[in-house]
Amino acid sequence: MTRPTAPHILDVKLCMLGFGSVGRTFLAMLRDTEERLAREHGLRFLICGISTRHSGFLDATGMTAGDLLGIVHVGRDDLCGPAVPAEELIETCGADALIEATVLTPGGQPAAEHIEAAFRHGMDVVTVNKGPVAWHFDHLRRKAERNGRRWRFEGTVADGMPVFDLVENCLRSCRIHGFEGILNATTNFILEALGDGRSFDDAVAHAQREGFAEADPSHDIDGLDAACKVACLANVVLGAAITPDDVPRDSVRDVTPEQVTAARAAGRRLCVVAGGRLDDDGVHTGVRLTELPLDHPLTTIHGSALGLILHTDLMGDVFTAELHGEVQQTAYAVLADLLALYGRH
Ligand SMILES: NC(=O)c1ccc[n+]([C@@H]2O[C@H](COP(=O)([O-])OP(=O)(O)OC[C@H]3O[C@@H](n4cnc5c(N)ncnc54)[C@H](OP(=O)(O)O)[C@@H]3O)[C@@H](O)[C@H]2O)c1
């Protein structure tokens, strides 16, 4: 952090890997909240480097989001210059923090390497990519500690819905002994649509039009996305050391409309429940097709919404939900993490 512009304003330099929907929406949010962040938190964020796989931007002095958005062709995913290799960007741009917003890959690489490189070069890290937390949490936690750095990942489980922040700041001293959630909107939507008489393909196409299913929705349909979220939660709040490969998962690919309507007729709702539980035998996890009774809080989750119940010792069961999960919420998770790192508390 450098060069106060006014006595009470701290400049925080950021670099970004990945500049897709989340990166662009985050930058627009920074531009639109610049005055508020200065007034309420005494912070000004400057962007000094961004790279994707095919284009990049580097300016070690840093630009405000507003100035930067005036020159990059937002919406065309074109950053004016050639791509900058991740290690080079991290080494040369002089940022205080890396925002890791590249795509999820099974195994969590190269995102985990990006994060490790950032720690080595003295940066804090915010990631919205589940891969590094799901596959490399303990390793990266140790690397951060060894380098005296911090990393946050609020956007990895439920867009911007407070999950880790909730545990850290609102459930102090509680022991979490389990969780259950609807953590994938696409599969939740598909199951409801099947019960309403739509075909599987029509339900997927609708979820894609609404923007909560990916162009390739197989990670959602086959439970990998939810298994990654379960691994993130289990590693961070249950103290597990697992990867998504350890999470047994059901696909919704073969669910029939008759299964959904039979559950309805019995006064239940068929859902994909992402869960984890800590007992004397260790941590048990799963992404399972489950018939929930209609008075279960998770049956109130519809459309793009996500919900999570945390089972705690001191506070009992806590239910949190995001009613509209869009990219705006994920962009907010990045901002919330940055404010947790650098804001006034
Ligand atoms: N969208 C959401 O609402 C949401 C919600 C929660 C979490 N997330 C997570 O947030 C991350 C970003 O999501 P998104 O929606 O912004 O994805 P996106 O629109 O597909 O953009 C991904 C970006 O990552 C870049 N990229 C991929 N691999 C890279 C690499 N090895 N080095 C540098 N850049 C690389 C891509 O560059 P190219 O275009 O050059 O390939 C692109 O700019 C993902 O991990 C996603 O799972 C997203």
Worksheet item: What dipole magnitude, in Debye to the nearest 20, does the range 168-323 give about its Cα centre under +1 on Lys/Arg Cβ and -1 on Asp/Glu Cβ?
Response: 300 debye
Item to complete: Label the range 126-170 by shape, choosing from rounded, prolate and oblate, from the square roots a ≥ b ≥ c of the eigenvalues of the Cα gyration tensor; if a/c is under 1.5 it is rounded, and otherwise prolate applies when a/b is larger than b/c, oblate when it is not.
Response: oblate
Worksheet item: Within a Cβ distance under 12 Å of residue 193, other residues only, what is the Lys/Arg minus Asp/Glu net charge?
Response: -4
Worksheet, complete the sentence: Taking the chain and counting helices only, DSSP H stretches of n ≥ 4 at -39,500 (n - 2.57) each over all residues, the nearest-500 ellipticity at 222 nm comes to -11000 deg cm²/dmol
Worksheet item: What does the highest-first list of 328-340, 22-34 look like by mean Cβ count within 10 Å?
Response: 328-340, 22-34
Item to complete: Quote the relative contact order of the chain in percent (integer), defining contacts as alpha-carbon pairs under 8 Å separated by 6+ residues.
Response: 18 percent
Worksheet item: Rounded if a/c is under 1.5, else prolate if a/b beats b/c, else oblate: with a ≥ b ≥ c from the C-alpha gyration tensor eigenvalues square-rooted, which is the range 31-91?
Response: oblate
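Quick one: compute the contact order of the range 168-323, relative version, from alpha carbon pairs under 8 angstrom and 6+ residues apart, as a percent.
Across the range 168-323, relative contact order equals 33 percent.
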Worksheet item: What number, in percent, do you get for the relative contact order of the range 81-191 if the mean sequence gap of Cα pairs under 8 Å and at least 6 apart is divided by its residue count?
Response: 20 percent
Practice prompt. Go ahead and run the numbers for FRET between residue 147 and residue 323, Cβ-Cβ distance against an R0 of 41 Å, rounding to 0.05.
Written response: 0.60
Discussion item. Between the range 13-92 and the range 267-345, how far is it from one alpha carbon centroid to the other, in angstrom?
Written reply: 30 Å
Worksheet item: How high is the FRET efficiency from residue 265 to residue 170, r the C-beta distance, R0 45 Å, rounded to 0.05?
Response: 0.70
Item to complete: Could you list which residues have their amide H under 5 Å from that of residue 11, counting only those 5 or more apart in sequence or on another chain, with H placed in the peptide plane?
Response: 2, 5, 44
Worksheet item: Is the shape of the chain rounded, prolate or oblate, going by the alpha carbon gyration tensor and its root eigenvalues a ≥ b ≥ c, with a/c under 1.5 for rounded and a/b larger than b/c for prolate?
Response: prolate
Worksheet item: Given labels modelled 7 Å from the Cα in the Cβ direction, how far is it in nm from residue 91 to residue 299?
Response: 5.8 nm
Worksheet entry | Among 72, 237, 157, residue whose mean-square fluctuation peaks in a GNM of the chain (springs only between Cα atoms under 10 Å) | 72
Practice prompt. Could you check what % of the DSSP bridge pairs in the chain are antiparallel, to the nearest 5?
Written response: 65 percent
Discussion item. Angle check, please: helix 327-342 long axis (alpha carbons) against the longest principal axis of the chain (alpha carbons), in degrees 0 to 90, nearest 10.
Written reply: 50 degrees
Response to the item:
Full extension between residue 105 and residue 28 adds, at 0.36 nm per residue less the Cα distance, a length in nm of 25.1 nm
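Quick note: the coordinates plus some simple rules give every number you see, no bench work behind them. Remember, it's a predicted structure, so these values are computed and weren't measured experimentally. All Cβ positions, glycine included, derive from the backbone under ideal geometry; neighbour counts span all protein chains shown.
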